[in-house]
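Comments concern the structure below.
The values are calculated or read from the model by the stated rules, or taken from the named source; none is laboratory data. It should be emphasised that the depicted structure is a prediction, and the values quoted were computed from it without experimental measurement. Cβ atoms come from the backbone with ideal geometry, glycine included; neighbour counts cover every protein chain shown.
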Amino acid sequence: MSASGPGEQSREEDRFRSLFELRYPAIHSYVLRRLGPSSNDVVDVTAQVFAVAWRRRTHIPKSPEDLPWLYGVARRIVSRHRRGTQRRQRLENRLVSEAGIQEDVGTSPGSEVLRVRAAISRLRPKDQELLKLVLWEELTHAQVGVVLGCSTNAVALRLHKARSRLGIELEKIAARRESPSGKDDGAREGSS
């Protein structure tokens, strides 16, 4: 007879079912925000997170540490998913000219959100993920450290730098919007 009998297996299944019911909304939201609302893969990627969690169920920490652990799994799966779609995205990017890439972020009520999203999208992937964990998932520095596999101090330092870079990108977008040609003023000055 194996070490885990029917009673033990039932307890594991019950614990996992509880974890799934409690944490599915947060993990689904995490994946949705990373892949975007137009992605058809959100449910599949979320399911992959819980498939990994099931296989590694003996390694899952108890609540509340289980959520950062699941975010870490989700982060790796989303990253793998993105790598898998990079080739398709590169082809799409080649088809889009520079003129088509420019954001049209006017003065509508949602335009500030669009500017912030555009600025975040221009940051390095590591900066994007860090800002999203803090701003969207509302994790503490310690929890972000668990997700990213680094210390709380490293999170604070990286966050400070990421926020600085975000500010620079927001300034670039604002300058481009205020420029009559829609391009950076520096680019115009260099061409005169």
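Do we have any residue at all in segment 34-51 that's closer than 22 Å to VAL144 by Cα, assigned to a helix (DSSP H, G or I) and in contact (Cβ under 8 Å) with a residue 60 or more places away in the chain?
Scanning segment 34-51, I find at least one residue that is closer than 22 Å to VAL144 by Cα, assigned to a helix (DSSP H, G or I) and in contact (Cβ under 8 Å) with a residue 60 or more places away in the chain, so the answer is yes.
Taking segment 43-62 as the search range and keeping residues that are among the aliphatic types (A, V, I, L, M) and out of contact with any Asp or Glu (no Cβ under 6 Å at 6 or more places or on another chain), which one is nearest to ARG15 (Cα to Cα)?
Filtering segment 43-62 down to residues among the aliphatic types (A, V, I, L, M) leaves 43, 45, 47, 49, 51-53, 60.
Subset that is out of contact with any Asp or Glu (no Cβ under 6 Å at 6 or more places or on another chain): 43, 45, 47, 49, 51-53.
Numbers: VAL43: 22, VAL45: 22, ALA47: 17, VAL49: 16, ALA51: 14, VAL52: 15, ALA53: 12 Å.
Restricting to residues being among the aliphatic types (A, V, I, L, M) and out of contact with any Asp or Glu (no Cβ under 6 Å at 6 or more places or on another chain), the top hit is ALA53.
Quick check on ALA3: is it exposed (fewer than 15 other Cβ atoms within 10 Å of the Cβ) and modelled with pLDDT under 95?
On the way: exposed (fewer than 15 other Cβ atoms within 10 Å of the Cβ): yes; modelled with pLDDT under 95: yes.
For ALA3, the condition - exposed (fewer than 15 other Cβ atoms within 10 Å of the Cβ) and modelled with pLDDT under 95 - is met.
Residue check, SER79 against (1) assigned to a helix (DSSP H, G or I); (2) modelled with pLDDT under 90, all met but one. Which one?
Failing condition for SER79: (2).
Residue-wise test of (1) buried (at least 17 other Cβ atoms within 10 Å of the Cβ); (2) at pLDDT 85 or above; (3) outside any helix (DSSP H, G or I).
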site: PRO109; (1), (2), (3): no, no, yes
site: LEU131; (1), (2), (3): yes, yes, no
site: ALA154; (1), (2), (3): no, yes, no
site: ARG163; (1), (2), (3): no, yes, no
site: GLU171; (1), (2), (3): no, yes, no
site: PRO180; (1), (2), (3): no, no, yes
site: ALA187; (1), (2), (3): no, no, no
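Go over the candidates LEU19, LEU67 one by one and state the one that is surrounded by 12 or more Cβ atoms within 10 Å (Cβ to Cβ) and under 18 Å from TRP136 (Cα atoms). Outline the logic, then answer.
Numbers: LEU19 fails: under 18 Å from TRP136 (Cα atoms).
Result of the check over LEU19, LEU67: LEU67.
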